[in-house]
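Following: one structure in structure tokens, then a few remarks.
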Amino acid sequence: MKKQEAPAKSQVFSWLIWPWIKLISLLPFAVLYFISDGLFVLLYHILKYRRTVVERNLKRCFPNKSEIEIKAIEKDFYRHLGDLFVETIKGISISEFEMKRRMVNVNQDIYDELNKTGKSSIIVMSHCGNWEWICLMSQLSCIQQIQCVYKSLSSKGFDRMMFLMRSKFGANPIPMEQTLRVLAANKDIVTCNAFIGDQNPSSGKTACWVNFFDQETAFMWGPEKIARKFNWPLFYLSTVKVKRGYYQAITVPLALEPNNLQEGEITQLIARHTQKEIENQPATWLWSHRRWKHKKEEN
């Protein structure tokens, strides 16, 4: 019985929900941001969506900030969350011209040089700014194949929607569980392989524990282990929200020779750069994420 439910739900999504989402994506940005303003009221004031989680995360990361400062960041975060929601939907129909205009790849020369020398690379991002637009922009900017590793959604319909959106300009989205197999199969072509570096691991037992906002925090080993396995240079890509609907993607090298670094050192560098990115624009990180749900076990 359960095996028949999933296809049925997927069909309902395709027939009833997907056409409406595509229609919404065709709306001009001015209308979409009007919707975003309404989402702020809904999420923050009415539903109070994960406000306890957001406030707790902010206080543990910024213990020296006042209640007024914390509240200001909290409200700005929910405004950004509304923007992120409508911008993600807009990604379904956005044109190449508009995408290049709204998400600018500042260090394009880095990717041009990697392609020229035939080097594949690991690109690590965080849940800051608009990571979905980075996936869309990257294949428009880069000659080499872009491969974006993502965590599959429980809803097959929404998972399929996100796959179609992420791949619309030619990027190759890879489900997390297929990462090694796909990367090994494509190792003979020049690729940029993007990971979300602050993704919470499924368990603290197999995590890499690093210092993040002066707290022991579980990070995933994935980017570091894959960089070492293939000896690919690893870069960190941060996002600056210039203004509403406009971003800049800035890339910095973290480990050009990953096998020359100590185990765990690369992941600590990822955590350090993630923290710097958050401190630069604290309202644009995904504070509703239950980032510290794992506790390090004592040996």
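The values are calculated or read from the model by the stated rules, or taken from the named source; none is laboratory data. Computed from a prediction, not measured in an experiment: that's the story for all the values here. All Cβ positions, glycine included, derive from the backbone under ideal geometry; neighbour counts span all protein chains shown. We work out accessible area using only protein heavy atoms, side chains counted, and drop any ligands, DNA or RNA first. Shrake-Rupley method; radii C 1.70, N 1.55, O 1.52, S 1.80 Å.
Quick one: length gained pulling Phe85 to Lys276 fully straight, 0.36 nm per residue minus the C-alpha distance?
66.3 nm
Counting only DSSP beta bridges with both residues in the chain, what percent are antiparallel, rounded to the nearest 5?
45 percent
Between Ile21 and Gln215, what length in nm is gained on full extension when 0.36 nm per residue of separation is reduced by their alpha carbon distance? The partial results should precede the final answer.
Details: separation 194, 0.36 × 194 = 69.84 nm, distance 3.98 nm.
Full extension of this stretch gives 65.9 nm more.
If I take all pairs of Cα atoms in the chain, what percentage of them are more than 38 Å from each other?
The proportion of pairs with Cα distances above 38 Å equals 12 percent.
Apply 1/(1 + (r/R0)^6) to the Cβ-Cβ distance of Ala185 and Asn107, taking R0 = 41 Å, and write down the FRET efficiency to the nearest 0.05.
0.90
Go ahead and run the numbers for FRET between Gln178 and Lys116, Cβ-Cβ distance against an R0 of 51 Å, rounding to 0.05.
FRET efficiency, Gln178 to Lys116: 0.95.
Let me know the charge dipole size of the chain about its Cα centre in debye, to the nearest 20, where only the beta-carbon of Lys, Arg (+1) and Asp, Glu (-1) is charged.
Roughly 900 debye, rounded to the nearest 20.
Return one quarter of the surface area of the convex hull spanned by the alpha-carbon atoms of region 85-176, equal to its mean projected area, in nm².
Seen from a random direction, the Cα hull of region 85-176 projects 6.1 nm² on average.
To the nearest 20 debye, what charge dipole does region 39-179 have about its Cα centre, counting +1 at the Cβ of each Lys and Arg and -1 at the Cβ of each Asp and Glu?
For this selection, approximately 440 debye.
First compute the accessible area of region 33-179 with a 1.4 Å probe, then give the percent of it belonging to carbon and sulfur atoms.
57 percent
At 7 Å along Cα-to-Cβ for each site, give me the label-to-label distance between Lys71 and Val242 in nm.
3.4 nm
List the residues, sorted by chain then number, that are 5 or more residues from Ile146 or on another chain and whose placed amide H is less than 5 Å from its amide H.
Those lying under 5 Å, H to H, from Ile146 are Asn172, Cys192.
Towards the positive end of the charge dipole of the chain, with charges on Cβ (+1 Lys, Arg; -1 Asp, Glu), say which of Pro253, Phe163, Val124 has the farthest Cα.
Phe163
Accessible surface of Val124 in the full protein assembly, 1.4 angstrom probe, to the nearest 10 Å²?
0 Å²
Over region 132-275, what is the percentage of antiparallel beta bridges among all DSSP beta bridges, to the nearest 5?
Of all bridge pairs located within region 132-275, approximately 65 percent are antiparallel.
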